[in-house]
Amino acid sequence: MPWSDNSDQGSKPGPKPGPWGAPPPSGGGEDRPGAGGQGPRGGGPRRPTPPSGEEMSAFLRRLRQRLNDIMGAPGGGFTPRLAAVLVGAGVMIWIAAGVYFVQPAEQAVVTTFGAVTGQPVGPGAHWRLIPIQNYEKVPVAALKRIDVGGSPGAEAPNESLMLTGDENIVDLAFTVQYRVNDATKYLFNIKDPDDLVKAVAESAMREVVGKTPLQSILTTGRAQVQNQTADLMQHVLDSYAAGITVVEVQVRSANPPADVIPDFQAVASARQYADSAVNEANAYKNKVVNEAKGDASKITQSAEAYRSQTVLEAAGDAARFNQVYEQYRRAPAVTRQRLYLETMERVLAKSNKVIVDAKGASAPIILPPDAFRPKSAAAQAPAPAPTDSSQGQAQSQAQGQPKSGGGQ
């Protein structure tokens, strides 16, 4: 729609309206609610117009007159009272501008003409002398972290490759955590703390790794590497007076280079197989040695027991012989008779006895073989088939009347 479409007001005098309504009428009235004039697009109240130059001049005249009345200078002159008030106001503003606050986890270093003044101040409200004094706050309780190696897109992608003590290469990424222990040294003795800590950390780690075998770094030696690196870093930073305390050095990853990982895994598998074979051989050796020691101990104990038994039996026999000898000396005949009877009793106790009446015997007596066998053997052996003569002799023996005499 062209702009001239809304400019036709007929015969009404005044300025022509724009596309969003007619302009406000002169003479004011915009301060009254519901006054004439429309806002953008013909709706809502309009914004108030800024005061004119005459109104601003009148306001400044009234303000000056009010200040003159307060300061006691009706004619508008500069009195000592006004000067004192202005000076006091300036002093208050100057004092208020020098107040600054330090948070609980911070310390502030105050400088006078650029030189350090006193010790760092702790948390709370403090004041400085403006403009000759300035301050800078340092977070001393915050734990800061620096990562070395293992970061994609890093400026030095090979910073994690290090040479080990056995001339191998390890891809090692680690993290350093530190905090500020002296705000003054931290601000004025070093230029870029993060770059310094990273450079010192990388140098210390390379030195420690260069003295450690690869296998120890990959397996059980990480804690030792971390502790040695932290100690070396702290020693170097203290020599720089950096005001930094190394809290922890943590190895995030330690692996062989990516190009040789398959070969390294093959070597590790072979080493594990060798260790397994050695362990099995040691287990077998321990088993055989322990069994041999057990057998030797058993034989030794058996020999000791046999020796003790033999010695005791010999001592008992000797003591018994001495007792018998004493009795023999006192009564030789009685002792001989007793020994004879005891010997015969011991001999005949396990033998079969056959008594034959030899009266009226004219032919030799033939006894069966079982008659002289031990009782146990005779009971187990089958009885032979009896003959006529042996059957008759056995019947005579059972009846106690042998057919022929003789003695045995």
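Some notes on this structure:
- Pairing residues of the stretch 303-324 that are at positive phi and surrounded by fewer than 10 Cβ atoms within 10 Å (Cβ to Cβ) with residues that are of a type in the set (Val, Ile, Thr) and part of a helix (DSSP H, G or I), at Cβ distances under 6 Å and at least 6 apart in sequence or on separate chains, gives no pairs at all.
- Complete set of residues in the stretch 163-217 that are within 30 Å of LYS137 (Cβ to Cβ), polar (S, T, N, Q) and open to solvent by less than 70 Å² (accessible area, probe 1.4 Å): THR175, GLN177, THR184
- ASP357 at pLDDT below 90, assigned to a loop (DSSP other than H, G, I, E, B) and charged (D, E, K, R): yes
- Tally, over the stretch 260-311, of residues that are closer than 30 Å to ILE169 by Cα and not basic (Lys, Arg): 19
- Evaluation of GLY88 against (1) surrounded by 11 or more Cβ atoms within 10 Å (Cβ to Cβ); (2) at pLDDT 65 or above; (3) over 30 Å from ALA141 (Cα atoms) (one fails), failing number: (1)
- Scanning the stretch 174-209 for residues that are in a loop (DSSP other than H, G, I, E, B), out of contact with any strand residue (DSSP E or B) (no Cβ under 9 Å at 6 or more places or on another chain) and touching a residue at least 24 places away in the same chain (Cβ under 8 Å) yields a single hit, ASN189.
- The residue pairs whose first member lies in the stretch 230-241 and is touching a residue at least 12 places away in the same chain (Cβ under 8 Å) and closer than 14 Å to GLU202 by Cα, whose second member is part of a helix (DSSP H, G or I) and not charged (D, E, K, R), and whose beta carbons are closer than 7 Å, counting only pairs six or more residues apart or on different chains, are LEU232/ALA204; LEU232/VAL208; MET233/VAL200; MET233/ALA201; MET233/ALA204; VAL236/VAL200; VAL236/ALA204; LEU237/VAL200.
- Scanning the stretch 248-265 for residues being small (Gly, Ala, Ser) and surrounded by 10 or more Cβ atoms within 10 Å (Cβ to Cβ) gives a total of 2.
- Top-ranked residue of the stretch 218-247 - restricted to ones that are of a type outside the set (A, V, I, L, M, F, W, C), outside any helix (DSSP H, G or I) and open to solvent by 30 Å² or more (accessible area, probe 1.4 Å), ranked as nearest to LEU172 (Cα to Cα): THR219
- As for the stretch 254-277, it holds at least one residue that is in contact (Cβ under 8 Å) with a residue 12 or more places away in the chain, in a strand (DSSP E or B) and not aromatic (Phe, Trp, Tyr).
The values are calculated or read from the model by the stated rules, or taken from the named source; none is laboratory data. Quick caveat, the model's predicted, so the values are computed rather than measured. Positions of Cβ are generated from backbone atoms using ideal geometry, with glycine treated the same way; all protein chains shown enter the neighbour counts. When the accessible area is computed, the model is the full protein with side chains, heavy atoms only, and any ligands, DNA or RNA have been set aside. Shrake-Rupley method; radii C 1.70, N 1.55, O 1.52, S 1.80 Å.
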